[in-house]
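This report concerns only the one structure given below.
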Amino acid sequence: MKRSFLFFLLPIVALLISANVKLAENVTGTWQMEVQTDMGSGSPTFVLKQDEKGVITGTYSGQLGETPVKGTLKGDVIHMEFDIQGNLIEYDGTVAGDTMKGKVKLGSIAEGTFSGKRKP
């Protein structure tokens, strides 16, 4: 009796646990961003590739020029950074499917917010 109850209970517990596990996002693709800072606004494009460990590589193209990007994605939390003329540019936010949003820091020059959508 105990054995049959255990065999009945284990699949239910496994199902409940798997239902609560959130699948990690994947940001591979081309992203159109909207950036608002106290110094102005811009619409840069990011072309990103993410590996199975959540490491992001890619390219930023925008008002600041074009440069390589690196970053990480842990669950839905994203961090990207790149250097423009000695200034570290950092994007920190969250990803939900084909959208992302968060805060941007342009070295010691400006801070603001960003939102983005993945292009089809």
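The HN-Hα couplings worked out from phi for region 74-87 by the Karplus form 6.51 cos²θ - 1.76 cosθ + 1.60 (θ = phi - 60°) are 10, x, 10, 9, 10, 9, 10, 8, 7, 10, 10, 6, x, 9 Hz, whole numbers, x standing for Gly and Pro.
Each label was represented as a point 7 Å from its Cα along the Cα-to-Cβ direction; for Thr45 and Thr67 these points are 2.0 nm apart. Cβ crowding within 10 Å, taken as a proxy for footprinting-reagent exposure, orders Met100, Met33 from fewest neighbours to most as Met33, Met100. For region 27-38, backbone phi angles converted through the Karplus equation (6.51, -1.76, 1.60; θ = phi - 60°) give residue-by-residue couplings of 9, 4, x, 9, 10, 9, 9, 10, 10, 10, 10, 6 Hz, Gly and Pro being listed as x. Calculated FRET efficiency, Lys117 to Gln85, Cβ-Cβ distance, R0 = 30 Å: about 0.60 to the nearest 0.05. If only the Cβ of Lys and Arg carry +1 and only the Cβ of Asp and Glu carry -1, the dipole of region 25-118 around its Cα centre is close to 120 debye.
Each reported figure results from applying straightforward, stated rules to the coordinates on display, with no laboratory input. Please read all numbers here as calculations on a predicted model, not as lab measurements. Heads up, the Cβs are rebuilt from the backbone with ideal geometry, glycines too, and the neighbour counts pull from every protein chain shown.
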